[in-house]
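Q: Here's a structure for you.
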Amino acid sequence: MVKYINNKGEIYEAEYDLQIARHTSSHILAQAIKRIYGSDIKLAIGPAIDNGFYYDFDGLNVKQEDLENIENEMKKIVKENQKTSCYTLNKKEAIKLVTEMDEIYKKEMIEEMKEDEIISFFAQGDFTDMCTGPHMLYLKSVGHFKLFTATGAYWRGNEKNKMLTRIYGTCFEKKEELESEILKKEEAKDKDHNKLGREMELFTTVDMIGQGLPILLPKGATIVQTLQRFVEDEERKRGYLLTKTPFMAKSDLYKVSGHWDHYKEGMFILGDEAKDKEVFALRPMTCPFQFMAYKNRQRSYRDLPLRYNETSTLFRNEDSGEMHGLIRVRQFTISEGHLAVRLDQLEKEIAGVLDLINYFMDVLGLKEDISFRFSKWDPNDRAKYLGNEEDWEYSQSVLKSILDDLKINYVEAIGEAAFYGPKLDIQAKNVYGKEDTIITVQVDFQLAHRFEMTYIDKDGSKKYPVVIHRTSIGCYERTLAMLIEKYAGTFPLWLVPIQAKILTISENEIEYAEEVKNKLLQADFKVELDSEDNKIGYKIREAQLEKVPYMIVIGKNEVENNTITIRNRNGEDIKDITVDEFINMLNSQVKKELLK
RNA sequence: GCUGGAAUAGCUCAGCUGGUAGAGCAACGGUCUUGUAAACCGUAGGUCCUCAGUUCGAUUCUGAGUUUCAGCUCCA
């Protein structure tokens, strides 16, 4: 049991609380910083977060190597085992105190509070901080902590504000827990797609090509091709019509779509508006192009729902600091699609989209790792969005009721909507726990009007369809990144770029091995023959490093018996099997993996 | 875009305060023709990210740029 003190000054006893311990650790960090770097360092905020804590400081200039020193000071403070006390002040008194302390950020926070707010302060030895608590009564109770990084962070998360210095750390009750967390971080590095993907020769980047423009090497390209064929085939089965639309268009198109006003910064623009007669832009989204396919002829209510899909390459001029491996790039290819539907079809079509997504996530093995986010507009940031409040309230309420009907378990996020409508985002976490959107489904009541997309209804009147913007498997680069980390490079059979590697014991078996290879290639399997080196142990090791699911070993016994020996990833051997039997085995395994 | 790191052989890295570079693995050539995790001998491989500046002399110091990493902000 641990003793705590809350913001009423009450002392109570409870189990070790990780959140409070981490919050207390952030105060110890701040105390250490003040001791080492002096009172010129201004305190901003220092909360506990998911996997640790941080504290933001102004005027602090620390480097990675200084962290050890700071950590030692923190340990010293804990050893002193100061007792925490708490007192409260009214707003006026609190402002007076923080003004005396010259804590400008605390002052700013207090000034924004209500007049009758009671503000609590926690003190430990020579250190006092405004805080709502609770805290550990004795600093010794915090347990074991470690500082990780010192980086920059904007005050209040706004890029217009000053950049402060943020120190991240974590804390656990037991030393073993801390050590296992550190170990976990180390192990995560080996799964990091940006490291593993390069090591496995799935992709690379080249200085001369530029940021966010990775090259998919043969193995990575093979995986993406497998995914794309799978997605296009499945979508055709579900009634989607394929389009192939241009990679760029005149600015006129984007002016109608609203991209020119709302998304220009994110586009690669070819030409100079001031000088050139015609200005082009690479497409950042496929929507307006597929809308033109819709408008190719007059549509009837009987034509709807109309489902378009395209394996679509997009270009977005991301800020230079944003690029990261395959997760965030400037050119990417997405399983894009737009559905033009009648309002009475909307729910069923969204359900259909979600069923498709669900199937894909299941096949990829990501079903357990995703979460749903209902992304709404921010009424306080109108300039970012098309349409008025009424439009947004309507489209959001429609999407919300559909999601509730479908019993989707989601969190809401303000200000994450697309500029033309609310979204259902499907989120996945990377190996370090950082969340990214991999799939998005959007409901759009706006763009059909802008593009004059209409259909003739039963009663002969002209109507606008609702547009669903959706991806089904997401963007191939980002999804590949997630898969690399999910499987630590050990891809399932249907997806792996080399499904089997044929290894010969000596050069005498190469002719037979070629026969085996051709049979497997004809049966549509991806195989390689390694006959360069004669050392079988070495070859097996190579195949293991490449995470090849099956090794086919061929020596003189196999040639004599017209069979092969197979070794799977677990190191188990199957002997005296024929090539045809092996092909059947592979086929049934792939079928199973595709849930068919 | 912002803050702070980093860039040396194909890969992982070493190289003290300025005197143009090394190791292990990989590659290539040869020997061995081998039944399950690195056989032996040999060879080659570098614009020390780029461009300027300081200097008799720069991988090393300074500046600008490029790429890259962590975080922030932005985003699929």
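Since every read-out is calculated from the coordinates, none of them should be taken as a lab result. Being a predicted model, the structure only gives us computed values, none of them experimental. As a convention, Cβ positions derive from the backbone with ideal geometry for all residues, glycine included, and neighbour counts pool all protein chains shown.
Q: Quote the Stokes-Einstein diffusion coefficient, in whole µm² s⁻¹, for the stretch A:115-233, based on the Kirkwood radius over alpha carbon pairs, a temperature of 37 °C and a viscosity of 0.692 mPa s.
A: On the way: Rh = 20.0 Å.
The Stokes-Einstein estimate is 165 µm²/s.
Q: Further, regarding this structure: Using 0.36 nm per residue of separation minus the Cα-Cα distance, give me the extension gain between A:Q589 and A:K295 in nm, one decimal.
A: 101.4 nm
Q: Let me check I've understood the local charge: for A:Y263, count other residues with C-beta under 13 angstrom from its C-beta, Lys and Arg +1, Asp and Glu -1. What total comes out?
A: Numbers: positive: A:K255, A:K264, A:R283, A:R316, A:K384; negative: A:D261, A:E265, A:E318.
Every neighbour counted, the sum reads +2.
Q: Something else now. Which pairs in the list A:K42/A:K185; A:K106/A:K160; A:K42/A:K63; A:K517/A:K539 are over 25 Å apart, alpha-carbon to alpha-carbon? Could you put the intermediate results ahead of the total?
A: Details: A:K42/A:K185 31 Å; A:K106/A:K160 19 Å; A:K42/A:K63 18 Å; A:K517/A:K539 16 Å.
Long pairs (Cα-Cα over 25 Å): A:K42/A:K185.
Q: Further question on the same structure: Mind jotting down the three principal axis lengths of the stretch A:396-442 based on Cα atoms? Whole angstrom, largest first.
A: Here the Cα extents, ordered largest to smallest, are 35, 26, 16 Å.
Q: Over all alpha-carbon pairs in chain A, figure out the percentage whose distance exceeds 47 Å.
A: 33
Q: State, to one decimal in nm, how far the label point of A:K114 lies from the label point of A:L343, with both points 7 Å from Cα in the Cβ direction.
A: About 4.0 nm, to one decimal.
Q: Can you pull the three principal axis extents for the Cα set of the stretch A:41-86, in Å, largest first?
A: Over the stretch A:41-86, Cα extents along the principal axes are 29, 25, 22 Å.
Q: What is the spread of the Cα atoms of the stretch A:352-393 along each of their three principal axes, largest first, in whole Å?
A: So the three principal-axis extents are 40, 20, 13 Å.
Q: Shifting gears a bit: Can you give the direction-averaged projected area of the convex hull of the alpha-carbon atoms in the stretch A:537-586, in nm²?
A: Hull-based average projected area comes out at 3.5 nm².
Q: Lys and Arg at +1, Asp and Glu at -1: add these up for the other residues within a Cβ distance under 12 Å of A:F53 and post the number.
A: After counting each charged neighbour, the total is +1.
Q: Which whole-number percent gives the relative contact order of the stretch A:65-174, counting Cα pairs below 8 Å spaced six or more residues apart?
A: Relative contact order of the stretch A:65-174: 26 percent.
Q: So, one more: Relative to the Cα centre, what is the charge dipole magnitude of chain A, using +1 at the beta carbon of each Lys and Arg, -1 at the beta carbon of each Asp and Glu, and rounding to the nearest 20 debye?
A: Values: 85 positive and 102 negative charges, 179 e Å.
For this selection, approximately 860 debye.
Q: Here's something else I'd like to know. Compute the Kirkwood hydrodynamic radius of the stretch A:11-85, taking the inverse of the mean of 1/r over all pairs of distinct Cα atoms, and give it in Å to one decimal.
A: Taking the inverse mean of 1/r over all distinct Cα pairs, the stretch A:11-85 comes out at 13.3 Å.
Q: Considering the dipole of chain A built from charges on the beta carbon (Lys and Arg +1, Asp and Glu -1) around the Cα centre, which of A:Y16, A:M113, A:H193 is farthest to its positive end?
A: Highest projection toward the positive end goes to A:M113.
Q: So for the stretch A:227-285, what are the equivalent ellipsoid semi-axes in whole Å, largest first, each being the square root of 5 times an eigenvalue of the Cα gyration tensor? Write down the numbers at each step before the final one.
A: Values: eigenvalues 199, 25, 21 Å².
Over the Cα atoms of the stretch A:227-285, the ellipsoid semi-axes are 32, 11, 10 Å.
Q: Using alpha carbons only, how many angstrom separate the centre of the stretch A:78-151 from the centre of the stretch A:361-397?
A: That distance is 37 Å.
Q: What's the tally of Lys pairs in the stretch A:229-293 whose alpha-carbon atoms lie under 17 angstrom apart, where the two lysines are 8 or more places apart or on different chains?
A: Values: A:K250/A:K264; A:K250/A:K275; A:K250/A:K277; A:K255/A:K264; A:K255/A:K277.
Lysine pairs meeting the criterion: 5.
Q: Among the aspartates and glutamates, select those whose C-alpha is under 16 Å from the C-alpha of A:K575, and discard any that sit fewer than 8 residues away in the same chain.
A: A:E558, A:E560
Q: At most 13 other Cβ atoms within 10 Å and a DSSP loop assignment: could you name the chymotrypsin sites (Phe, Trp or Tyr not before Pro) in the stretch A:491-596 that fit? List each step's numbers first, then the result.
A: Details: sites: A:W494, A:Y512, A:F525, A:Y538, A:Y550, A:F582; in loops: A:W494, A:F525.
Nothing satisfies the criteria.
Q: Could you please tell me the mean projected area of the C-alpha convex hull for the stretch A:244-359, averaged over all directions and given in square nanometres to one decimal?
A: Computed as one quarter of the Cα hull surface, the answer is 9.5 nm².
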